[in-house]
Structure formats: C-alpha cells, structure tokens
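J.: Right, I'll just put the structure down here and ask away after.
The values are calculated or read from the model by the stated rules, or taken from the named source; none is laboratory data. Owing to the predicted nature of the structure, the values given are computational and were not obtained by experimental measurement. Glycine gets a Cβ as well: all are built from the backbone with ideal geometry, and neighbour counts include every protein chain shown.
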Amino acid sequence: MKWNFKSFSWKHILPIFISLSIGIGAGLSIYTFIYAKGYSYLSNNPEACANCHIMNDQYNGWIKSSHHTAATCNDCHTPHNPLGKYKTKAANGFWHSFYFTTGNFNEPIRIKAHNKEIAENNCRRCHQDIVIAMDGPHKKTDHLSCVQCHGSVGHP
C-alpha cells in the first residue's frame, strides 16, 4: 500500500492529535491521582494530609495538639458547606501537587491568605461564645486574628 501524503492534510491529523493529547493527559492524570492516593483526600481522615511527607510535621503537631480529639484537618482548613469544602480541597490539592512536584515551595510551608481566612472563620465558628466575649474589648483593631495569640494550637 502506497501512502499519498499530498492528500493528507491537517484536517485529518488535527482530530487524531487532539484525541491523543486528551487521552494521554487523562491517562497521566488518572495515574497520578491513583499513585498519589488522591482518593484519600476526599475523606475526612487526617492521615491523608500526611500522604505527602512535607506535611508530616503538621500532622504530628496536630496529633499532639489540644484539637486532636475535637477537630480534623477539614474542620479547620475547609469551609463547612459541601461546595466550598470540595472546591477548596480541589484547589489546594492541585496546587499542593504542583508545588510538591516542581519542588517550588518554601520550607517550612506557610498558609496562603485565602486558606488563613478559612481557618480563621472556622476558629470563630467553633469558638463562637468565646469570640463574642473577646471581640468586645478588641473592637479597636481592624481584625483580631485567633492565630495571633493561638498560632500553635492546631500544629504545635
């Protein structure tokens, strides 16, 4: 069989190229998700946060913390509505994977402003009675953050 390359055009190659690219991308994504135990991040199990060795200090700190028996990682680090929770988990999972894979992260790791706001809101939600009493005398400040005084409560 002799190929006639003159009649072969991009309109024939492009769909094949797009299909292969999508297939390879999907295959690599699925492989990475399974290899990195991505399914465990859909649970509420704090051990999932220690799948990545960079989080071992945070996990071990949580085990020793006063919150160990009262709160899991999701209780503090994700919103308490299903859409917000899984949106945050998906975004954080993607960026954690990206930075860990590329090695482009600071050590010790630091919480980002958006995630710090989520944690702050969760502190205030769980400790609402105390926060109301504390906010009264501290109204002069723009925003009193729980972690200013209690920064080592969740991860000593």
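J.: Please enumerate the residues belonging to the range 59-89 that are in a helix (DSSP H, G or I) and under 17 Å from residue 120 (Cβ atoms).
T.: Within the range 59-89, 73, 74, 75, 76, 77, 84, 85, 88 qualify.
J.: How many residues are buried (at least 16 other Cβ atoms within 10 Å of the Cβ) and modelled with pLDDT under 85 if we restrict to the range 35-47?
T.: Result for the range 35-47: 3.
J.: Taking only the range 61-116 into account, find how many residues are under 14 Å from residue 42 (Cα atoms), modelled with pLDDT under 85 and more than 12 Å from the chain's Cα centre (by Cα).
T.: 0
J.: On to the next question. Would you pick out the residues in the range 67-84 that are surrounded by fewer than 13 Cβ atoms within 10 Å (Cβ to Cβ) and under 21 Å from residue 116 (Cβ atoms)?
T.: Within the range 67-84, 70, 81, 83, 84 qualify.
J.: Give all pairs with beta carbons closer than 8 Å in which a residue from the range 48-67 that is closer than 24 Å to residue 98 by Cα and without any contact (Cβ under 8 Å) to a residue 24 or more places away in the chain meets a residue that is part of a helix (DSSP H, G or I) and of a type in the set (Asp, Glu); count only pairs at least 6 apart in sequence or on separate chains.
T.: So the pair list comes out as 59/47.
J.: Please go through the range 90-129 and give me each residue that is in contact (Cβ under 8 Å) with a residue 24 or more places away in the chain, part of a loop (DSSP other than H, G, I, E, B) and within 27 Å of residue 70 (Cβ to Cβ), ordered by number.
T.: Once the filter is applied, which keeps residues that are in contact (Cβ under 8 Å) with a residue 24 or more places away in the chain, part of a loop (DSSP other than H, G, I, E, B) and within 27 Å of residue 70 (Cβ to Cβ), the range 90-129 yields 108, 109.
J.: Please specify each residue of the range 40-56 satisfying the condition of being part of a helix (DSSP H, G or I) and either under 17 Å from residue 88 (Cβ atoms) or basic (Lys, Arg) (or both).
T.: 40, 41, 42, 46, 48, 49, 55
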